[in-house]
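Inspection log for the structure reproduced underneath, given as structure tokens.
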Amino acid sequence: MVEKILVIGSNGQIGTELVTELRKINGESNVVACDIRRPDYDIKNGGPFEFVNVLDKENLKAIFAKYKPTQVYLLAALLSATGEQNPKLAWDLNMNGLLNVLDFAIDFGTKKIYWPSSIAVFGPNSPKQQTPQFCTMDPNTVYGISKLAGERWCEYYFQKYGLDVRSIRYPGLISWKAMPGGGTTDYAIHIFHEALKKSSYSSFLSAETELPMMYMDDAIRGTIELMDAPADQISIRSSYNFSGVSFNPEDLASEIKKYIPDFKLSYTANDPRQKIADSWPKSMDDSTAKKDWNWKPEFDLEKLTLEMLTNLKKS
Ligand code: AKB
């Protein structure tokens with residue numbers, strides 16, 4: 001079957017790479033990049049682009065009617081740090097954007113929906129190490145609250161309407177093609193840019209702040225593997241724990257120093273993102289993803305550091 005795929009929020013850190021990969025697999029004309037702004041990089045030349053605002057129901061409906069998508073990836077969202085600056089907008093976009101897409105997916109017979117969740121669904125009382133799939137969840141950011149509520153809606157639409165919604169709880173994603181969009185884990189990307197430019201970086205998270213992270217290539221491959229898995233192998237209809245590698249700013253700096261020996265890491269105190277990071281897991285138990293659809297990460301800290309430095313130097 002030829003898939004017709006919409007990627008909503010295509011200009012962001014994930015969308016930029018996901019669109020390219022989906023176009024390689026499904027053909028350029030079958031993957032429609034959708035965003036509120038025209039992209040200023042190559043996806044605009046490689047296939048169709050549409051202006052889409054997920055909060056504008058008429059606009060969204062017209063896109064569903066035009067393309068009758070078989071799959072929709074909904075990536076448009078406000079992340080943890082930006083969400084705290086505008087909590088009501090974050091709730092509106094992250095929640096009503098999802099509900100609008102789920103409703104039109106039913107109306108227009110879309111076969112599969114992908115919606116990203118995050119490690120932000122966990123909170124101060126969740127276990128920090130090897131955080132299990134099911135445990136106490138008390139997120140205290142509006143982003144985390146909206147992602148946890150969104151997970152419940154995804155499972156509800158699957159159970160009530162049989163809609164094939166699939167989701168992953170992303171850790172911090174590390175990539176070089178597009179800049180991150182306002183998250184708490186963004187330091188782990190900025191550090192590479194500054195290391196190459198100035199041989200120094202001031203981290204807004206403290207030395208010992210360990211967080212779950214993943215290289216973008218792993219995240220894109222895992223996302224597509226989940227979407228390709230047979231429906232009867234998907235036991236989680238809220239969102240899967242998903243793990244790559246865990247490290248803190250000191251670990252990352254030590255790895256960067258292997259290539260840039262004079263690199264200096266300092267710290268900026270009292271950044272509001274520290275409190276968010278302190279409420280999140282340090283590492284994730286993703287055994288259910290491993291069991292259900294054979295998830296296996298390929299990038300450890302050494303490999304992702306080398307990839308980041310090599311690619312950023314070339315770009
Ligand atoms: C963020 O930091 O907000 C995101 C995430 C972990 O979901 N990168």
I'd like the residue in the range 160-191 that is over 14 Å from the mean Cα position of the chain (by Cα) and of a type in the set (D, E, K, R) and, out of all such residues, is least open to solvent (accessible area, probe 1.4 Å). D164
Unique match (being part of a loop (DSSP other than H, G, I, E, B), touching a residue at least 60 places away in the same chain (Cβ under 8 Å) and within 13 Å of the ligand (Cβ to nearest atom)) among G182, G144, G123: G182
I25 vs (1) modelled with pLDDT of 95 or more; (2) over 23 Å from K111 (Cβ atoms); (3) of a type in the set (V, I, T): all pass except (2)
By my count, helices (runs of 4 or more DSSP H) wholly in the range 1-113 with at least 1 residues that are in contact (Cβ under 8 Å) with a residue 60 or more places away in the chain are 13-26, 57-67, 80-85, 97-107
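Hey, does the range 128-139 have a residue that's in contact (Cβ under 8 Å) with a residue 40 or more places away in the chain and open to solvent by 60 Å² or more (accessible area, probe 1.4 Å)? First the steps, then the outcome.
Initially, the range 128-139 is screened for residues in contact (Cβ under 8 Å) with a residue 40 or more places away in the chain, giving 128-133, 139.
Now narrow it down to the ones that are open to solvent by 60 Å² or more (accessible area, probe 1.4 Å): 129-130.
Yes; the residues of the range 128-139 include at least one that is in contact (Cβ under 8 Å) with a residue 40 or more places away in the chain and open to solvent by 60 Å² or more (accessible area, probe 1.4 Å).
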Hits in the range 158-179 (condition: more than 12 Å from the ligand (Cβ to nearest atom) and in contact with a strand residue (DSSP E or B) (Cβ under 6 Å, 6 or more places away or on another chain)): F158, D164, V165, R166, S167
In the range 190-208, which residues are touching a residue at least 40 places away in the same chain (Cβ under 8 Å) and over 19 Å from D278 (Cα atoms)? I191, F192, H193, A195, L196, S199, S200, Y201
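If we scan the range 297-304, do we find a residue that is over 21 Å from I174 (Cβ atoms), of a type outside the set (S, T, N, Q), open to solvent by 30 Å² or more (accessible area, probe 1.4 Å) and free of Cβ contacts under 8 Å to residues at least 60 places away in the same chain? Don't jump to the end; show me each part of the working.
The first filter runs over the range 297-304 and keeps only residues over 21 Å from I174 (Cβ atoms), leaving none.
For the range 297-304, residues over 21 Å from I174 (Cβ atoms), of a type outside the set (S, T, N, Q), open to solvent by 30 Å² or more (accessible area, probe 1.4 Å) and free of Cβ contacts under 8 Å to residues at least 60 places away in the same chain: absent.
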Could you tell me which numbered condition A269 fails, if it satisfies all but one of (1) farther than 24 Å from V121 by Cβ; (2) of a type outside the set (K, R); (3) modelled with pLDDT of 95 or more? (3)
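Would you be able to say whether some residue in the range 192-213 is among the aliphatic types (A, V, I, L, M), within 13 Å of the ligand (Cβ to nearest atom) and either open to solvent by 10 Å² or more (accessible area, probe 1.4 Å) or assigned to a helix (DSSP H, G or I) (or both)? Show your work before the answer.
If we filter the range 192-213 for residues that are among the aliphatic types (A, V, I, L, M), which is where we start, we get 195-196, 205, 207, 211, 213.
If we keep only those that are within 13 Å of the ligand (Cβ to nearest atom) as well, we get 205, 211, 213.
Then keep just the ones that are either open to solvent by 10 Å² or more (accessible area, probe 1.4 Å) or assigned to a helix (DSSP H, G or I) (or both); that gives none.
No, the range 192-213 contains no residue that is among the aliphatic types (A, V, I, L, M), within 13 Å of the ligand (Cβ to nearest atom) and either open to solvent by 10 Å² or more (accessible area, probe 1.4 Å) or assigned to a helix (DSSP H, G or I) (or both).
Anything in the range 132-159 that is of a type in the set (S, T, Y) and under 18 Å from the mean Cα position of the chain (by Cα)? List them, or say none.
Narrowing the range 132-159 to residues of a type in the set (S, T, Y): 136, 141, 143, 146, 156-157.
Once the filter is applied, which keeps residues that are of a type in the set (S, T, Y) and under 18 Å from the mean Cα position of the chain (by Cα), the range 132-159 yields T141, Y143, S146.
The values are calculated or read from the model by the stated rules, or taken from the named source; none is laboratory data. All values derive from a computational prediction rather than experimental measurement. As a convention, Cβ positions derive from the backbone with ideal geometry for all residues, glycine included, and neighbour counts pool all protein chains shown. Keep in mind that these areas ignore ligands, DNA and RNA; they rest on the heavy atoms of the full protein, side chains included. Shrake-Rupley method; radii C 1.70, N 1.55, O 1.52, S 1.80 Å.
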